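Worksheet: the structure to be examined is printed underneath.
The values are calculated or read from the model by the stated rules, or taken from the named source; none is laboratory data. All values derive from a computational prediction rather than experimental measurement. Using ideal geometry, Cβ is built from the backbone for each residue, glycine included, and neighbour counts are taken over all protein chains shown.
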Amino acid sequence: MAGTSTTTEQIPIRVFGGPTALFVYGGLRFLTDPTFDAPRDYHVPGGQLTKTAPSVGTPAGLGRIDVVLLSHDEHPDNLDDSGRALLADIPLTLTTPGGGQRLGARARGLADWESTELDRPGGGTITVTGVPAIHGPGPREDVEPITGQVVGFVLTGEGMPTLYVSGDNASLDLVKEIAERFGPVHTAILFAGAPRFPNLFDGALIVLDSAQTAAAAQILGARRVVPVHYDSWAHFTEGRDELVTAFTNAGLRDRLDLGNRG
């Protein structure tokens with residue numbers, strides 16, 4: 001597969017644009033935040049979200065999906081109409097506690113540091129732990145009433161490298177907490193893109209920018225970083241070039257893997 005690292009091919013990762021990635025871990029196939037709608041506008045409270053580019057692939061071309069890791073269900077740039085329809089065919093969706101209540105019997109919410117075990121094909125288990133995330137600046141009690149709950153995920157298993165999926169997180173302090181419990185992380189799928197809105201938190205970041213993504217990689221001790229959530233939407237203010245520059249400036253370019261597209 002494409003990528004800068006030759007030591008991590010045991011976790012193949014395909015990226016589709018926006019926050020959506022498919023990876024295989026312990027024989028199970030995981031999909032993050034499914035978004036496969038065509039480019040369009042979405043009307044949301046307080047404004048509009050605009051998808052600017054199609055996904056690199058379709059739900060029909062995904063093959064078997066065992067688990068969806070959904071950072072949150074309330075924003076169409078993380079779960080759009082086609083993604084929501086896809087959930088009906090997936091055996092398990094792991095998400096926020098609120099999302100677990102809203103999405104029906106096949107969804108389970110994970111609170112901070114709550115874990116669930118998944119059976120691996122051929123025996124053994126994988127542990128998925130819900131880890132904290134904040135979708136904006138400041139303390140959760142101020143942010144969550146505006147942007148809602150968000151969850152990240154850490155995957156571990158006997159003989160398996162640790163994998164972290166950040167979700168829409170803007171807090172490096174939380175990354176430090178996760179690193180203290182699980183670091184060093186082998187592979188990190190980090191949501192980036194520096195999204196911001198003038199009328200939301202005075203234009204402050206609601207997910208990591210490129211320099212913070214590189215800082216998160218350093219905090220985690222990540223050997224490999226696959227960024228997502230930095231293209232295909234108008235409210236993302238930084239993209240591929242800014243990520244490459246930030247990782248190069250941090251001396252981490254060899255850890256940045258822009259993924260196998262589609």
Quick one: in the stretch 55-89, of everything that is part of a loop (DSSP other than H, G, I, E, B) and over 18 Å from the mean Cα position of the chain (by Cα), which residue is nearest to Gly27 (Cα to Cα)?
Arg64
Would it be correct to say that Asp37 is charged (D, E, K, R), more than 30 Å from Thr125 (Cα to Cα) and touching a residue at least 24 places away in the same chain (Cβ under 8 Å)?
yes
Subset of the stretch 208-234, residues under 13 Å from Val165 (Cα atoms) and out of contact with any helix residue (DSSP H, G or I) (no Cβ under 9 Å at 6 or more places or on another chain), comes to Val226, Val228, His229
Condition test on Phe236, is it within 22 Å of Pro45 (Cβ to Cβ) and more than 13 Å from the chain's Cα centre (by Cα)?
yes
Within the stretch 239-253, does at least one residue satisfy the condition of being within 22 Å of Asp80 (Cα to Cα) and touching a residue at least 12 places away in the same chain (Cβ under 8 Å)?
yes
Is it the case that some residue within the stretch 38-50 is buried (at least 21 other Cβ atoms within 10 Å of the Cβ), more than 12 Å from the chain's Cα centre (by Cα) and outside any helix (DSSP H, G or I)?
no
Tell me which of these Leu200 doesn't satisfy, since it passes every other one: (1) within 25 Å of Val244 (Cβ to Cβ); (2) surrounded by fewer than 18 Cβ atoms within 10 Å (Cβ to Cβ); (3) not charged (D, E, K, R).
(1)
Scanning the stretch 1-37 for residues that are surrounded by fewer than 20 Cβ atoms within 10 Å (Cβ to Cβ) and of a type in the set (S, T, N, Q), which turns out modelled with the highest pLDDT?
Gln10
Restricting to the stretch 223-262, count the residues that are in contact with a Lys or Arg (Cβ under 8 Å, 6 or more places away or on another chain) and charged (D, E, K, R).
6
Could you figure out which of (1) more than 19 Å from the chain's Cα centre (by Cα); (2) within 28 Å of Pro59 (Cβ to Cβ) isn't true of Thr127?
(1)
Considering the stretch 203-248 alone, what residues qualify as being buried (at least 18 other Cβ atoms within 10 Å of the Cβ), of a type in the set (Val, Ile, Thr) and part of a loop (DSSP other than H, G, I, E, B)?
Ile206, Val207
A careful count of residues in the stretch 79-136 that are out of contact with any Pro (no Cβ under 7 Å at 6 or more places or on another chain) and closer than 28 Å to Asp209 by Cα gives 22
Name the residues in the stretch 115-161 that are closer than 15 Å to Ala188 by Cα and among the polar types (S, T, N, Q), would you?
Thr129, Thr156
Is it true that some residue in the stretch 175-186 is on the phi < 0 side of the Ramachandran plot, surrounded by 24 or more Cβ atoms within 10 Å (Cβ to Cβ), in contact (Cβ under 8 Å) with a residue 60 or more places away in the chain and out of contact with any helix residue (DSSP H, G or I) (no Cβ under 7 Å at 6 or more places or on another chain)?
no
For the stretch 14-34, what are the residues that are of a type in the set (A, V, I, L, M) and without any contact (Cβ under 8 Å) to a residue 40 or more places away in the chain?
Val24
Can you name every residue in the stretch 37-59 that is under 15 Å from Asn199 (Cβ atoms) and either touching a Lys or Arg at 6+ places or on another chain (Cβ under 6 Å) or not small (Gly, Ala, Ser) (or both)?
His43, Val44, Pro45, Gln48, Leu49
